[in-house]
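For reference, the structure is listed below as structure tokens.
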């Protein structure tokens, strides 16, 4: 009953965040379009048509065609599958790795904590994009490779956050009381401590989705991400960069707008989740001015 009331309160606060609602609607549309891509496109996303190279947006090709005559709308919709899948899958994997690393470090403490955190500090000191490019250069191009590389270079932030939250929560009275009552290590970690750390992790994971999408686009733009024949928003940018000087602005503009809009939508949703999980932030940020003035007036009358 308490959990149901907490979820109801969370959704009420979430839907009070206007930008969060806009972001959620936009992401829902993108996901539905990616799932229903065959129903929304009349042209192949990979077949070339040299008779329709660099055609401006027309009634037949809503967003025009690219340098190989492929329909941009079709590639944009099918590319959403790749970009969104990379963003979600890499964040799920990196969050899982970071959770395990942070829990072990925070629970053991002492020398083990120092050693594990020095490893994290060393990895964080490396330039992230350089590290991603170096790891990707050692492997093969493909969706799985991109997901693994992004996950292996972004889990450190989650590990540090979980470790910090874990150290704070395990000092609270209810955790110490459970330990005194004879709770096992498993119960202390997964029943009493870890659930109270997940709010911050969820917010960070949501924001990391946008970062993963940008990283995939950057790798594909550099020719080291998704194979060129497979549609993705980064590949579309890479293919259209030479066409800008020829006046074919539409080849790069639409995938660029989709990347920007999707990352903004993810960040808006992350902000909404953060505000919904933080009562102080929610009430302070959403209390109307007239309510505040009324409270002040009431306080003056009492005095």
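The values are calculated or read from the model by the stated rules, or taken from the named source; none is laboratory data. The structure displayed is predicted, hence computed values, not measured ones. Methodologically, a virtual Cβ is constructed for each residue, glycine included, from the backbone with ideal geometry; neighbour enumeration extends over all protein chains shown.
Identify, please: which residue in segment 228-274 is within 23 Å of the chain's Cα centre (by Cα) and not in a helix (DSSP H, G or I) and is, among those, surrounded by the fewest Cβ atoms within 10 Å (Cβ to Cβ)? Lay out the reasoning, then the answer.
The initial filter retains those residues of segment 228-274 that are within 23 Å of the chain's Cα centre (by Cα), namely 230-238, 252-274.
Narrowing further to those that are not in a helix (DSSP H, G or I): 230-232.
On the way: 230: 19, 231: 27, 232: 30.
That would be 230.
Just one of the numbered conditions (1) assigned to a helix (DSSP H, G or I); (2) touching a residue at least 12 places away in the same chain (Cβ under 8 Å); (3) surrounded by 11 or more Cβ atoms within 10 Å (Cβ to Cβ) is not true of residue 43; which one?
Failed condition: (1).
I'd like to know if segment 187-196 contains one or more residues that are out of contact with any strand residue (DSSP E or B) (no Cβ under 8 Å at 6 or more places or on another chain), free of Cβ contacts under 8 Å to residues at least 12 places away in the same chain and not in a helix (DSSP H, G or I).
Scanning segment 187-196, I find no residue that is out of contact with any strand residue (DSSP E or B) (no Cβ under 8 Å at 6 or more places or on another chain), free of Cβ contacts under 8 Å to residues at least 12 places away in the same chain and not in a helix (DSSP H, G or I), so the answer is no.
Which of the helices (runs of 4 or more DSSP H) found entirely inside segment 104-154 contain at least 2 residues meeting this: under 25 Å from residue 226 (Cα atoms) and more than 20 Å from the chain's Cα centre (by Cα)?
On the way: elements: 110-124, 128-138, 143-152.
By residue number, 128-138.
Here is a yes/no grid of residues against (1) within 16 Å of residue 253 (Cβ to Cβ); (2) over 24 Å from the mean Cα position of the chain (by Cα):
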site: 56; (1), (2): yes, yes
site: 63; (1), (2): yes, yes
site: 67; (1), (2): yes, yes
site: 71; (1), (2): yes, yes
site: 75; (1), (2): yes, no
site: 81; (1), (2): no, no
site: 92; (1), (2): no, no
site: 96; (1), (2): no, no
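Please verify whether residue 147 is under 18 Å from residue 82 (Cα atoms) and either surrounded by fewer than 23 Cβ atoms within 10 Å (Cβ to Cβ) or free of Cβ contacts under 8 Å to residues at least 40 places away in the same chain (or both), treating the condition exactly as stated. Don't jump to the end; show me each part of the working.
Details: under 18 Å from residue 82 (Cα atoms): yes; either surrounded by fewer than 23 Cβ atoms within 10 Å (Cβ to Cβ) or free of Cβ contacts under 8 Å to residues at least 40 places away in the same chain (or both): yes.
So residue 147 fits the description; yes.
Kindly check whether there is at least one residue in segment 49-61 that is at pLDDT below 85, touching a strand residue (DSSP E or B) at 6+ places or on another chain (Cβ under 7 Å), farther than 30 Å from residue 192 by Cβ and part of a helix (DSSP H, G or I).
Yes, some residue in segment 49-61 is at pLDDT below 85, touching a strand residue (DSSP E or B) at 6+ places or on another chain (Cβ under 7 Å), farther than 30 Å from residue 192 by Cβ and part of a helix (DSSP H, G or I).
Filter segment 1-35 down to the residues that are modelled with pLDDT of 85 or more and either over 22 Å from the mean Cα position of the chain (by Cα) or under 17 Å from residue 199 (Cβ atoms) (or both) and list them by number.
Residue satisfying the conditions is 20 alone.
Residues to consider are 98, 109; find the one that is farther than 17 Å from residue 221 by Cα and either touching a strand residue (DSSP E or B) at 6+ places or on another chain (Cβ under 9 Å) or surrounded by fewer than 17 Cβ atoms within 10 Å (Cβ to Cβ) (or both). So that I can check it myself, show each step before the final result.
Values: 98 fails: either touching a strand residue (DSSP E or B) at 6+ places or on another chain (Cβ under 9 Å) or surrounded by fewer than 17 Cβ atoms within 10 Å (Cβ to Cβ) (or both).
Residue meeting the stated conditions: 109.
How many residues does segment 8-40 hold that are outside any helix (DSSP H, G or I) and exposed (fewer than 13 other Cβ atoms within 10 Å of the Cβ)? Show your work before the answer.
Step one: filter segment 8-40 for residues outside any helix (DSSP H, G or I), giving 15-17, 36.
If we keep only those that are exposed (fewer than 13 other Cβ atoms within 10 Å of the Cβ) too, we end up with 36.
Residues in segment 8-40 being outside any helix (DSSP H, G or I) and exposed (fewer than 13 other Cβ atoms within 10 Å of the Cβ): 1 in total.
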